1. For the cross-link pairs LYS247/LYS366; LYS93/LYS349; LYS93/LYS334; LYS111/LYS206; LYS56/LYS111; LYS111/LYS310, which exceed 29 Å when the distance is taken from alpha carbon to alpha carbon?
2. Extent of the range 146-349 along each principal axis, from alpha carbon coordinates, in Å, largest to smallest?
3. Could you sort 201-209, 186-194, 341-349, 273-281 so that the peptide with the highest average Cβ count within 10 Å comes first and the rest follow in order?
4. Considering the Cα positions of the range 300-360, please state its Rg to one decimal place and its Dmax as a whole number of Å.
5. Mind ranking 131-137, 297-303, 83-89 by how tightly packed they are, going by the mean number of other C-beta atoms within 10 angstrom, highest first?
Amino acid sequence: MIFRALEFDQLEHQSYSVMTCCSHLFTKKGSFSATRFTGIDIDISEIQNVNFYTYKELRVATKGFSLANKIGQGGFGSVYKGKLRNGSLAAIKVLSAQSRQGVREFLTEIKAITSIDHENLVQLYGCCVEENHRILVYGYLENNSLAQTLLGGGHSSIQFSWIVRRNICIGIARGLAFLHEEVRPHIIHRDIKASNVLLDNDLQPKISDFGLAKFISPNLTHISTCVAGTAGYLAPEYAIRSRVTRKSDIYSFGVLLLEIVSGRPNTNRRLPAEEQYLLTRAWNLYEKGELESLVDSFLDGDVNVEESIKFCKIGLVCTQDSPQLRPHMSTVLKMLNGEKDVNVKNLTKPSMIFEFLEAIDEEKQKGKAEITNTSMFTDSRKLDDSSSGTDTSFATMTFTSIYDRSN
């Protein structure tokens, strides 16, 4: 979600989302040359056309940033519901002054979303930069995110018919295609997931939370960066080699596409072992020719079965291990719209996630062997250590650490 850096874990009891706003909502417009946050000098003079609120008026809007108005908490700060002077509701994201990474995210988010305008992307109201305070202000909507309304298992009154889901998928694809191919320099979101897709009053999707976004020139093949994002959505080349490209977003979108069609999150450890991971289940059903079994049962027949299967196949096309095999977002959009056929003739298995699960199973078996026969386990461990390859060990370690962070 836009008010979360990686995950906000305490949003189940309240809801918010984002909408656009006219310029008269802002106090003033301009830019600051430099500001110091907890000993960190920040020069944001290059950021133009930013609307600035004063800290005082945002404090008044949130009734002193009261706990009663707090609607989110994450690793980089808190989010409050506020009422602006003109009566409009706002979602006010207050970043922690102690977080160095929060400073970078604050600037990145401003740079990313003040320079673009698209119906499927959130739009910033403004910000506050005073002393140690750095705050982002967005509009407030009741329909919240896909994570809470579709996948959260809560008491949402929204009826996610197939038509609604179809339009949501296409809207997200439009927003990503705009970021990847029309904006200069191109923007890689890096955290496409259900909680970062908000719904307006017409259930149109808006991609949010640009705090992890990266700008990439058309002539670059990739950017090497620290791994940041959310477990279950990370592309293999990003998770293992720290290489992020626009194709990394394509992978995340493929996972999200499967979530929207199936109505379930990508990981659910309450299910039987063979069904816990959505991507592996989707592939297994694809091989059996039973992808219709993946479609959300709550649709109860109110679904275009052929189209839903096609969307599942597109999800698998987007989540192939090799980024070269994943299509560009504009191509994905054409496939979703029916303007281009989905070619699965050379579709490859998402092997990395299967290898990860096999590694987990091996570790469990080793654990059982250690309990029943310590000496036998010790011998087999020596054999495993002598025969294991460096790449496999690194991949297993990386994926294990990433998935552990989601628990």
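Just so it is clear, none of the values below were taken in a lab; they were calculated from the coordinates. Model, not experiment: these values are computed from the prediction. Ideal geometry is used to build each Cβ from the backbone, glycine not excepted, and the neighbour counts take in all protein chains shown.
1. Numbers: LYS247/LYS366 36 Å; LYS93/LYS349 40 Å; LYS93/LYS334 35 Å; LYS111/LYS206 18 Å; LYS56/LYS111 24 Å; LYS111/LYS310 36 Å.
In this structure, LYS247/LYS366; LYS93/LYS349; LYS93/LYS334; LYS111/LYS310 exceed 29 Å between Cα atoms.
2. 47, 39, 36
3. Numbers: 201-209: 20.3, 186-194: 25.1, 341-349: 12.0, 273-281: 17.1.
Per-residue Cβ counts within 10 Å, averaged per peptide and sorted highest first, yield 186-194, 201-209, 273-281, 341-349.
4. Just the Cα atoms of the range 300-360 yield Rg and Dmax of 13.6, 41 Å.
5. Working: 131-137: 20.3, 297-303: 11.9, 83-89: 13.7.
Descending mean neighbour count gives 131-137, 83-89, 297-303.
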